[in-house]
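Trainee: Got a structure for you, questions after.
What follows draws every value from the coordinates through simple rules; no lab data is involved. Because the structure is a prediction, the values reported are computed rather than measured. A quick note on method: Cβ atoms are made from the backbone with ideal geometry, for glycine too, and the neighbour counts reach across all protein chains shown.
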């Protein structure tokens, strides 16, 4: 989910590689989070897949709708920097490296084509999607491990 300040008319008719939504301050709020959770729940239901989602105590997370396929668990207060997987920095480092690679590729391609290198919002969303999709399950599992989570010895 990418959250911006305004609805981008130029992107309305295009098939986006990521979900995009907006509000005045480009900040997550209860309404947007609830809507996103409901969509995620529907997607998981179509796949008959139950998932566990850890969230922090941000006020946007205060109103959780009834969900069948997504189990939302709150991290204990004041532990976000230690337990939140994205705060561990591993995924950020990898996606940043992948993103820079994509930018350099486009830059070189445009130079070779004799064009001035520019980026539009759709291209940056495509880069972000491509970079996220390169993150492996193993990387995510290692992030949880580095935050102190242990694998289930008896998975269902």
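Trainee: What is the Cα convex hull volume of the chain when expressed per residue in Å³? Don't skip to the end; give the middle numbers.
Mentor: On the way: hull volume 24.2 nm³, N = 156.
Value for the chain: 155 Å³ per residue.
Trainee: Using a Förster distance of 30 angstrom, determine the FRET efficiency expected from the C-beta separation of residue 31 and residue 142, and round it to 0.05.
Mentor: On the way: r = 34 Å, r/R0 = 1.13.
Once the sixth-power term is evaluated, E becomes 0.30.
Trainee: For the chain, set up a GNM with springs between Cα atoms under 10 Å and report which of 146, 15, 35 has the largest fluctuation.
Mentor: Judging by the Gaussian network model, the answer is 15.
Trainee: Can you give the relative contact order of the range 81-156 as a percent, counting alpha carbon pairs under 8 Å and 6+ residues apart? Intermediate values should be presented prior to the final figure.
Mentor: Values: 38 pairs, mean separation 36.1, N = 76.
That works out to 47 percent.
Trainee: Compare the peptides 120-133, 58-71 by average per-residue count of other Cβ atoms within 10 angstrom and give them in order, highest first.
Mentor: Working: 120-133: 15.2, 58-71: 13.6.
Ranked by mean Cβ neighbours within 10 Å, highest first: 120-133, 58-71.
Trainee: Can you give the percent of C-alpha pairs in the range 109-156 whose distance is more than 15 Å? If you can, show how the numbers build up before the last one.
Mentor: Values: 766 of 1128 pairs.
The calculated P(r) of the range 109-156 puts 68 percent of pairs beyond 15 Å.
Trainee: Say each of residue 118 and residue 2 gets a label point 7 Å from the Cα, pointing the same way as Cα to Cβ; how far apart are those two points in nm?
Mentor: If labels sit at residue 118 and residue 2, their model points lie 1.7 nm apart.
Trainee: Provide the FRET efficiency to the nearest 0.05 for the residue 74-residue 152 pair, computing r from the beta carbons and using R0 = 22 Å.
Mentor: Numbers: r = 20 Å, r/R0 = 0.89.
With a Förster radius of 22 Å, E is 0.65.
Trainee: For the range 23-156, calculate the relative contact order in percent as a whole number, restricting contacts to Cα pairs under 8 Å that are 6 or more residues apart.
Mentor: 20 percent
Trainee: On full extension of the chain, what length is gained from residue 83 through residue 129, given 0.36 nm per residue of separation minus the C-alpha to C-alpha distance? All intermediate terms of the calculation are to be shown ahead of the outcome.
Mentor: Numbers: separation 46, 0.36 × 46 = 16.56 nm, distance 2.46 nm.
Residue separation times 0.36 nm, minus the Cα-Cα distance, leaves 14.1 nm.
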